[in-house]
Each structure stands twice: as C-alpha cells, then as structure tokens.
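The values are calculated or read from the model by the stated rules, or taken from the named source; none is laboratory data. The model shown is predicted, which means the values in this text are computed figures rather than measured ones. Neighbour counts are summed over all protein chains in view; Cβ atoms, including those assigned to glycine, are modelled from backbone coordinates with ideal geometry. In case anyone asks, the SASA skips ligands and DNA or RNA and just uses the protein heavy atoms, side chains included. Shrake-Rupley method; radii C 1.70, N 1.55, O 1.52, S 1.80 Å.
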Amino acid sequence: MSDPSTQQQQARPAVPVLHEERLDEVLGAAPERGRGRYRPHRVGMVWRSKVFRAGAVIVALALCWLVILALVREQTGPDGFLVGLGLAVLPVPLLMAAFRWLDRVEPGPWRNLLFSFAWGACAAALVAIIANSFATRWIATATADPASADTLGATVIAPVVEESAKAAAVLLIFLFRRREFSGVVDGVVVAGFTATGFAFTENILYLGNAFGEDQQLGSSGFASVTAGTFFVRIVMSPFAHPLFTVLTGLGFGFAAVSARRHRARRIALPLLGLLLAMGLHALWNGSSSFGPYGFYAVYGIVMVPAFGLVTWLAIWSRQRELRTLAAELPAYAAAGWLTPAEPSALSSMRARGMARDLARHWQPDRTQGRAAARAVAEYESFATSLAGLRRRARHGAVGPDFGARERELLHHLWQRREIAAPALTHAALLTARRGGAHHGRPLPTPYGTGNGYANGYAYGTGYGPGHTPGYGQTHGHTPGYGHTQGPTPGYGSGAYPPPQPYGGAPHSHRRPPS
C-alpha cells in the first residue's frame, strides 16, 4: 500500500458539477460586507470546548437519572424497583437493534443515539413525572374529582408533556448535528432511540408499582397485576412510545430534505409530526375509557395499522437511500473518483457486506483484517453521505457550505480507496455472478497475474487503459481507472501508484468466499 501522505499530495480527479443548476445557485451568493466577519477564538473560554460541553451534557443527564431513581424507588420500594428494572430492560435491546438495522445504509454516530436514549430515559422522563404529577394534582384540587383528574391527565396532559419532552432531543440533534441528520431515516432512528429510553424508565415505574400492589394483595402467577402489566406494556405494545415519537421524527426528517427556500414547510412539518404524535398518544391513553373492548379496538384498528404504515415508510426511505446511491455516484465514477462498478456495489446491502468480508479475509492477520473491514465500512458511509448531499443539492436543500462538504467527503473517500475500491468492485462481480450474470465464465481472482475479464472490468497485474490487465475503460467514453481525459489523471498514466492487494494475494487458508 502506498504512503498516505504521498498519495494526498498527488493530483486528484476534478469534482463533477451539478448539471441541473448553476454552481452559484447551489453554493449561494457571497455574504454582504460586514456580515461575514472573522471572529477569532477567544483563549480561556472553557465553555467553547467540545469536551466541556459534552461533559456538561453527561453530568446533567446523570443528575436527572439520579433524581429519577430516587423518585421511582420512593414510589415502588426497593423490591419493586429491582423487579421493574429487570422486566423493563427486556425489550430495549430488541428495539435498539431494530432501529440500528434501519440505519445500516448510512449509520449515524453512536454518540447521537446514546444521547437520544439518555435524554428519553433521564431528562424527558423526569419532566414527564414532575409535570404530570403537578398537573393531575392541580386538576384534582380545582375540580374536587380525582377520578376525572386522572382521566384528563392521562388523555390530555400526558401526551402533550411527554411528546414535547421527547421531541426536544430530536430538535437538538436536528439543530446542532445537522450534518448527521440528513433525511427521513435519521429522524426515525433518533426519535426511536429517544422513545425507547423514555419507555424504559416509564416501564420501571409501572411494573414496580404493579409488583408492590401484588405484594399488598398477595397475588402471584399469571393472575397477578405484574403479569398483566408486563403482557400489555412489554409483549403487546413495546412499540407504542416509539411509534408516537417516530411521527415527530418523520416531520423533522421531511423538513431536512425540503428546500431551504421553503421555510414555512420546514417549520410546519415538525409541528405537524408532533401534533400527530400527541393525538395518537392521547387516543392510546384514552382507549380504556371507550368501554370494555375499547383498548382492543384501538389496538387492532389504529395502532397495528399505524405501526405497519410507519414501518413500511421507514423501509421505503431506506431503499430510497440505496436508489440515491445508484443514481448519484456514477457522476463521480465518470470523473475518476470511483471505479465503474462501485455505484452498483454501494447501492446493494449484500454487496456492501460482502466487500467488508473480502477486505477482512484478504489480510494476513486478524488485526489488519478488522482494520481493513472498518475502512471499507467507513468508505461506504462516506459514499452514502456524498450521494445524499448531492441529491439534496438538486432539490435546493443544502447551504453555502455544499462545496466544502463535498470536497471533505471526497477527501475521506480518497484516503480509503486503495482498500475499499478493489473489495467493492470484486463484491459487485460476485453478486452479479450469483444473480445469474456471467454464467459459465470463470470468476477472476481479485489480484491475479493473468488476464481475467468479467462484466467489462479487467483484473490482472496492474491498472491501465484499454486492454491492459487491470481496471480500465469499460464502455463508451466513461472514464475509469486507467483512462485519462484531459487533465483528469488515472491509473496507467503514472499519476497514481497502483493499489496493492493488502500485502499480497490472499493466503490459501484465508481465501475469500467465491
């Protein structure tokens, strides 16, 4: 593998320009005089440090969690708290894994997801406990009717307070982590993690109180209050709170892909999502007041179809991200930033996973294999961000930093291309062969010494144009590795050192799956 420092100093392909719009319209007009002033960093301002701000957030959430522990333990008792904690944690890994699976195309950073979960479990839960208790007591005092106060608090106060508190986490990431919040899937995942944390704390309280009630009544087994509460909240409706808050996340997600000139839409969509979340939450909480079968009616007629619709929309958004990769990345392949086969490989989850496995198996030891697989995963993530950025630019949903962001993503791709490009290209050939293409043709090895051709790509001893063994021009006038057109360099012209196959050909005992 060539020296990264030497590679960074070499010339790179030109960045493709959007043909649908003028570059000035995408980048935005230059700021007026006096508005783009340079503000030097003030030494000594500790609160400007990212470490300080992250520490402050962690400390604040930890304090909220300690207060919640004290409040819940006071209501449920030590035994009830431990039972509620043990039962409430059961659906958490499943929900987190489901939302993380949905985010596999362009995985968001774990710090955002952990913050969302902690916000829901600590800050939002604490606000809900305090506000709901205060509002219910005030209504009971004002009306002298505790029963109606509990009903009104559950159907009106709780949905407004809880959904607003959970939406605050989505809003914070939308405002302060804007680069990492780029679409509908991001909104769904952030909202889902926030609601999962909130439901976790709430389930501790409900299950702990149910266990305390069983101790007073002396009931146990399937007829106990704890078993009934567990069945309703953990078995039947673990997705209830995530479903409510995901509606808010959808609003923020659609706002993220809306054109910047549509300011009213970018404000109205999150508010509409929040109102829908409150309405569905109120309907769910008030289902028990609709008669003996009201809960089952709302569950079957409203909750299950709504859950199916939101799930379909989330999966459709994920597939749309893959289609965006196939539509936007060929422009960078034509400019020489990617190999011609990479767009098709990056738009297939099967090929992406296979490329990581290939990179891992091509390494001589396990440590280097993990590093290579991680490099390919990062390459796939940056390529997905690049395709999404270009798509948003077509719709006018990017800011003046579009050019700088595009160059930054291309820089990250360029640093990892020697490891990721061969793995992704070979994965594209393997998936095409398994899908029925190239039937009867011998599949070439990733780095061989002969001339093997498949799908128009040549594999051999190096990179060169035409019929020279290596990656070359595939069809028409589409430039690839080895094709030089004007100032755009390529492999074979002497501008770049050819990538090496991770220290040589694969070992016989670690040969990748064919």
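Structure values in brief
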| quantity | calculated |
| --- | --- |
| Accessible area (Å², per residue) of the range 66-151, counting only protein heavy atoms and a probe of 1.4 Å | 53 |
| Rounded, prolate or oblate (a/c below 1.5 giving rounded, otherwise prolate when a/b exceeds b/c) for the range 112-225 by Cα gyration tensor | oblate |
| Estimated distance in nm for a label pair at Arg320 and Leu90, the labels positioned 7 Å out from Cα along Cα-to-Cβ | 3.6 |
| Rounded Å value of the spacing that divides the Cα centres of the range 93-118 and the range 218-283 | 16 |
| Nearest-0.05 FRET efficiency for Ser133 and Arg261, computed from C-beta distance (R0 30 Å) | 0.10 |
| Relative packing of peptides 125-136, 289-300, 344-355 - highest average C-beta neighbours within 10 Å first | 344-355, 125-136, 289-300 |
| Reciprocal of mean inverse Cα separation for the range 295-373 (Kirkwood radius, Å) | 15.6 |
| Accessible area per residue, Å², the range 388-429 with all protein chains present, probe 1.4 Å | 28 |
| Ranked packing of 172-181, 195-204, most packed first, by mean Cβ within 10 Å | 195-204, 172-181 |
| Accessible surface of the range 211-338, 1.4 Å probe, proportion on carbon and sulfur as whole % | 69 |
| For the range 105-178, the spread of Cα positions along each principal axis, largest first, Å | 53, 19, 17 |
| Heavy-atom accessible area per residue - the range 162-318, 1.4 Å, Å² | 44 |
| Integer Hz, Karplus 6.51/-1.76/1.60 couplings in order for the range 342-352, x for Gly and Pro | 5, x, 5, 5, 5, 8, 10, 5, 5, 5, 5 |
| Gyration tensor verdict on the range 238-325 (Cα atoms; rounded if a/c is under 1.5, prolate if a/b is larger than b/c, oblate otherwise) | oblate |
| Peptides ranked, highest mean first, by Cβ atoms within 10 Å: ranges 326-336, 416-426 | 416-426, 326-336 |
| Bins of 10 Å, starting at 0 and running to the largest distance - Cα pair percent for the range 136-183 | 25, 29, 20, 16, 9, 0 |
| Cα-based convex hull volume of the range 348-412 per residue, rounded to whole Å³ | 77 |
| Additional length obtainable on full extension of the chain from Thr367 to Ser219, 0.36 nm per residue less Cα span | 47.8 nm |
